[in-house]
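Notes follow the structure.
FYI, it's all coordinate maths here, none of it is from the lab. Remember, it's a predicted structure, so these values are computed and weren't measured experimentally. All Cβ positions, even for glycine, are placed from backbone atoms using ideal geometry, and neighbour counts span all protein chains on display.
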Amino acid sequence: MDQLPNCIDGPPWLQLLNWTFDPIGFLDKNYQKYGDIFTMRSSASNSCIFIGNPHAIQELFDKESNFDTGRNNAEIKLFVGQNSLLSMDGKRHRRERKLLMPPFHGERLKSYTQQICLATERIAGQWRVGKTFVAHHAMREIVLATIMKVVLGSSQVQYYRQLQSLISSWFNILNSPLFSITLFFAFLRKDFGTWTPWGQMKKRQRKIRKLLQEEIEYRRKNSNEQKQDLLGLMMAARDKSGQAMADDELIDELFTILFGGLETTAAILTWALYEIHYNPDVCEKLRQELDDVESNSDLFEITQLSYLTAVCKETLRMYPISAGTLDRIANSSVEIAGYLFEPETVLIPVPYLVHCREDLYPDARSFKPERFLGRRYSSFEYLPFGGGSRRCLGEALAQLELKLVLGTILSKYQLSLVAHKPVSIRRYGFIMAPKGGIKMVMTGKR
Ligand code: HEM
């Protein structure tokens, strides 16, 4: 049995540099050269295997007890804390997921419908005919308003606004190009005060934590009514021994949800707006479908529209928000796709590579929502939200947001791209998003 599949040529430092600064270029180049499974030697003793083969990914998810994830997320932990779902494995991870799940499913999820449409109308209402706006900024505002409602919706308005603006500026720092460099060079992660990006990030992080702490204390003192937002549910939850979550745990999980839910959804919405307006026939079909929805019907009906659903799926197929899923680190020797991997080997399923396969998605580089009308894909052929036990916790909320925000904008506004040209994908902190944020202009109301 072979030990490692298709080792990439060249010095480890160069491989790591390419992967860090141009992940999509790195994946495209090596997929062409080595096929759908290849190995990066990031140092003499560390190997990282990239997998773009659906069968191998299925095998990996089937053998998930052979892998850990939480113990490897060192960089992410700097932002969300040690008590985050992202830092956990095994039993503790399963228990925590169960606890966090309810606000993201069923009737509770449905209850956010109106809030999402209202937030969209409020932000889109600021657009003026003939005036340019950056789509990515607008989408971020809409998504932040929604996620704040899910997480802290029962808080007092003034407190809520203060926190929302702090979180927004925290993310602005995280997304700056200068800050991205600190993610990859540990020696730059020093708090030398507010004139360094790291110092600025830390200052805001401390302020956010302090505000969250104050809210937790306020709710404890006024515990006569149980709040129905995520913080309320987490504060009411008890483990088997009757133990409540500690304050640090509550705060870390709130950060985790904000971290996982904001930039991801905002980037995909921006790509969707770009593709819809880059392809006039797609825009036209969507408008027709939306116009057929009765004006007095339930807003939730929008989420059932088949062409809108296909447009969202196709956007998620073409545009990765991260270069791979979370890492899977072998905790024992394990065989995948005929290769034997030693403990500590890192395996990364890469949805982007699977989504670019011509055998699954003919003309894969073109935006064609129709492909999702005629065919169903398995969860190993189509996996924008990852899979197995780490599958995205906010998937259903993200899908709801995508459909409602796009549906609301397209039914009410005529928009166009300022420049009708291809846009490249760029890393902003942990997330990949359209370079320049996509400038758009409102040409009229409908
Ligand atoms: C379009 C939007 C989104 C995309 C494409 C996306 C994608 C992903 C992916 C690929 C993963 C890793 C899965 C794996 O390793 O198998 C993930 C994990 C996660 N996502 Fe999302 N996500 C989105 C929105 C959200 C939202 C809205 C939230 C929360 C409100 C969220 C919370 C999380 C959390 C907490 C995890 C970690 C799950 C765990 O470790 O068990 N995501 N997401």
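List every residue whose amide H lies under 5 Å from the amide H of Ile37, counting only residues 5 or more places away in sequence or on a different chain, with H placed 1.01 Å from N in the peptide plane.
Gly52
List the longest stretch of the chain that has no exposed loop site; here a site is one of the GluC sites (Glu not before Pro) assigned by DSSP to anything other than H, G, I, E or B, with at most 11 other Cβ within 10 Å.
Within the chain, the longest run free of exposed GluC sites (Glu not before Pro) spans 1-224.
What value does region 129-192 have for Rg/Rh, both radii from Cα atoms and Rh as Kirkwood defines it?
Ratio value, two decimals: 1.10.
Among Leu326, Leu14, Leu404, which one shows the biggest mean-square fluctuation in a GNM of the chain, springs joining Cα atoms closer than 10 Å?
Leu14
Residue by residue through region 354-362, which ³J(HN,Hα) values in whole Hz follow from phi under the Karplus form 6.51 cos²θ - 1.76 cosθ + 1.60 (θ = phi - 60°), with glycine and proline marked x?
Result, rounded to whole Hz: 5, 6, 9, 6, 5, 5, 9, 10, x.
What are the lysines whose alpha-carbon lies under 17 Å from the alpha-carbon of Lys98, with same-chain residues fewer than 8 places away excluded?
Cα-Cα hits under 17 Å: Lys240.
Would you mind listing how long region 41-193 runs along its three principal axes, going by Cα atoms, in whole Å with the largest first?
56, 43, 33
Enter the Cα centre distance for the pair region 1-67 and region 379-402, rounded to the nearest angstrom.
22
Tell me, what does the Kirkwood hydrodynamic radius of region 129-287 come to in angstroms if you use every pair of distinct C-alpha atoms?
18.0
For region 316-446, I need the span (max minus min coordinate) of the C-alpha atoms along each principal axis, in Å, sorted largest to smallest.
61, 36, 28
Taking the Cα of Asp359, stepping 7 Å toward and past its beta carbon, and measuring to each backbone N in region 13-45: which are under 11 Å?
Residues 36 qualify, since their backbone N sits under 11 Å from the label point.
Write down the Kirkwood hydrodynamic radius of the chain, to one decimal in angstroms, obtained as one divided by the mean of 1/r over all alpha carbon pairs.
That comes to 23.1 Å for the chain.
Quick test of the membrane-span-like rule: which DSSP H helices of the chain reach at least 24 Å along their long axis (C-alpha atoms) with mean Kyte hydropathy at least -0.5?
TM-like helix candidates: 135-152, 157-174, 395-412.
When the helix-only estimate is applied to the chain (DSSP H runs of n ≥ 4, each -39,500 (n - 2.57), divided by the residue count), what is the mean residue ellipticity at 222 nm, nearest 500 deg cm²/dmol?
Taken over the chain, the calculation gives -15500 deg cm²/dmol.
Using 10 Å bins from zero, what percent of all Cα-Cα pairs in region 268-331 falls into each bin?
For region 268-331, the pair-distance distribution reads 18, 41, 24, 11, 5, 1.
Using the 10 angstrom Cβ neighbour count as an exposure proxy, how do His137, His420 rank, fewest first?
Arranged by neighbour count, lowest to highest, His137, His420 become His420, His137.
What's the lysine pair count for region 348-446 at a Cα cut-off below 19 Å, pairs eight or more apart or interchain?
7
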